[in-house]
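Read through the structure below, which is laid out as structure tokens, and then see the notes.
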Amino acid sequence: MNPIFKKLNYKDQRQICIINAPSSFNKEMDELALLVSIKTSLTGVKKVEFFLAFVTRQQEVDDLTKKIVQLMEADGIPLS
């Protein structure tokens with residue numbers, strides 16, 4: 001597994017959400033897709049075990065946070 005996901009505290013979640021990933025992150029996503037289901041949108045997602053978003057503005061953080069909090073597993077660990 002790519003070391004970036006270890007640094008981000010990825011364990012053995014079965015489904016992860018990666019939102020707004022740049023094309024430069026495709027290699028890492030392709031590697032991880034061999035092990036886990038990756039969602040690139042929150043549409044249809046009922047719960048979030050692992051979430052990674054690429055953002056450039058505080059408003060994006062605020063908007064995603066409102067959505068994620070409702071979908072987060074009880075033992076989710078938000079990283080700031």
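The values are calculated or read from the model by the stated rules, or taken from the named source; none is laboratory data. Just so it is clear, the structure is predicted and the values come from calculations on it, not from any experiment. Using ideal geometry, Cβ is built from the backbone for each residue, glycine included, and neighbour counts are taken over all protein chains shown. Side chains included, ligands, DNA and RNA excluded: accessible areas come from the protein's heavy atoms. Shrake-Rupley method; radii C 1.70, N 1.55, O 1.52, S 1.80 Å.
Selection of helices (runs of 4 or more DSSP H) fully inside the chain by the criterion of at least 1 residues being among the polar types (S, T, N, Q) and modelled with pLDDT of 90 or more returns 26-33, 58-71. The set of residues in the stretch 30-53 being under 20 Å from LEU64 (Cα atoms), out of contact with any strand residue (DSSP E or B) (no Cβ under 8 Å at 6 or more places or on another chain) and of a type in the set (D, E, K, R) consists of LYS46 alone. Among the residues of the stretch 30-56, just one is of a type outside the set (Val, Ile, Thr), open to solvent by less than 40 Å² (accessible area, probe 1.4 Å) and over 11 Å from the mean Cα position of the chain (by Cα), namely LEU32. Just for the stretch 9-29: of the residues that are open to solvent by less than 50 Å² (accessible area, probe 1.4 Å) and under 10 Å from the mean Cα position of the chain (by Cα), which one is farthest from LEU71 (Cα to Cα)? For the stretch 9-29, the residue satisfying everything is ALA21.
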